[in-house]
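Visitor: Have a look at this one before I ask anything.
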Amino acid sequence: MRRFRRYGDAGQAFPIYITVVGGLLFLAFAYFAVGQAAANRNGAQTAADAAALAAAQETRDALADQWVQDLLDPAKWQTIFDGDVDGIGSTCGRAYELAAQNDASVVGCGPEGLLGYKVEVQTNKTVGESIVPGTEVRRSHATATAVIEPRCTFPLPSEDAGEDVLPLLTCDEGEEWELDPKGPVELLPKPEDLFDVHLAD
């Protein structure tokens, strides 16, 4: 009689064991699916950040080139530092390149004001198969905005200042540039000296 009850108890416990193990496996697969989705979203955000920064940096370089061209006309400097320059055009080409390098595709790109770029991307890879229906065809999307901020200020030139006298350029952390219009271009501030590029908060 005792032996019969012992086997009976074991028989009753077996379905409970199967149910518990099945539940644990389901949770494991569910956590795996969440991890897949999170990794895919992180990849999308990385691609969007890189693409937006690349587009903004390309614009920054174009603004710096324009500043060098107008070096002898300080009256035009402020419009350049404000980003109000004609002829630069879209720099979304760099965004497409950086997105592709991060295994993503640009689905939207354009200026955000005069000194910024907003980019939206989607991953080339799907989230992948999981216990969650539809993940095998779902791609992650992300957006990022990069902004360009002038790093330098300068006094407006006086009317009696000679053509060979340029304003003192004071940049971040008190760095000063005494500009020589007859000096080599290599000694002029670089784009990263004139403008800061970073992701918007």
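Visitor: Label points 7 Å out from Cα along the Cβ direction at Ser105 and Asp82: separation in nm?
Guide: 4.0 nm
Visitor: Taking 30 Å as R0, compute the FRET efficiency from the Cβ-Cβ separation of Leu72 and His198 and round it to 0.05. Before the final figure, lay out the partial values.
Guide: Values: r = 31 Å, r/R0 = 1.02.
Working from the Cβ atoms, E equals 0.45.
Visitor: Here's a follow-up. What are the ³J(HN,Hα) couplings of region 118-125, residue after residue, when phi is run through the Karplus curve with 6.51, -1.76, 1.60 and θ = phi - 60°? Round to Hz, x for glycine and proline.
Guide: Each residue of region 118-125 in turn: 10, 10, 10, 10, 10, 6, 6, 8 Hz.
Visitor: While we're here: Taking the Cα-to-Cβ direction at Leu114 and at Thr153 and moving 7 Å from each Cα, how far apart do the two end points lie in nm?
Guide: 1.7 nm
Visitor: Hey, another quick one. Count the net charge of all other residues whose Cβ sits under 10 Å from the Cβ of Thr123, scoring Lys and Arg as +1 and Asp and Glu as -1.
Guide: +3
Visitor: Neighbouring Cβ atoms within 10 Å as the yardstick, rank Ser140, Ser90 fewest first.
Guide: Details: Ser140 22, Ser90 14.
Least crowded to most crowded, the residues run Ser90, Ser140.
Visitor: Work out the charge dipole of region 45-135 with +1 on the Cβ of Lys and Arg and -1 on the Cβ of Asp and Glu about the Cα centre, then indicate which of Thr79, Gln66, Gln45 is farthest towards its positive end.
Guide: Gln45
Visitor: What is the sum of charges around Ala142, taking Lys and Arg as +1, Asp and Glu as -1, for the other residues whose C-beta is under 10 Å from the C-beta of Ala142?
Guide: Numbers: positive: Arg41; negative: Asp49, Glu120.
Once positives and negatives cancel, what remains is -1.
Visitor: Sticking with this one: So who's got an amide H within less than 5 Å of the one on Ala200, skipping anything under 5 residues away but keeping other chains? H placed 1.01 Å off N, in plane.
Guide: Long-range HN contacts for Ala200: Thr145, Ala146, Val147.
Visitor: Still on this structure, I have one more. So what are the ³J(HN,Hα) numbers for region 177-194, from phi and the Karplus equation (6.51, -1.76, 1.60; θ = phi - 60°), rounded to whole Hz, Gly and Pro as x?
Guide: Values per residue, Gly and Pro as x: 10, 8, 7, 10, x, 9, x, x, 4, 4, 8, 6, x, 7, x, 6, 6, 8 Hz.
Visitor: For Ile80, Ile88, what's the fewest-to-most ordering of other Cβ within 10 Å of each Cβ? Before the final figure, lay out the partial values.
Guide: Details: Ile80 21, Ile88 15.
Arranged by neighbour count, lowest to highest, Ile80, Ile88 become Ile88, Ile80.
Visitor: Counting only residues 5 or more places away or on other chains, whose amide H sits under 5 Å from the amide H of Leu169 once H atoms are built in the peptide plane?
Guide: Trp177, Leu179
Visitor: Please rank Asp70, Asp201, Asp82, fewest neighbouring Cβ atoms within 10 Å first, as an exposure proxy.
Guide: On the way: Asp70 15, Asp201 5, Asp82 12.
Fewest-to-most Cβ neighbours within 10 Å comes out as Asp201, Asp82, Asp70.
Read the figures in this text as sums done on the coordinates, not as results from a lab. Computed from a predicted structure; not experimentally measured. Positions of Cβ are backbone-derived with ideal geometry, glycine not excepted, and every protein chain shown enters the neighbour counts.
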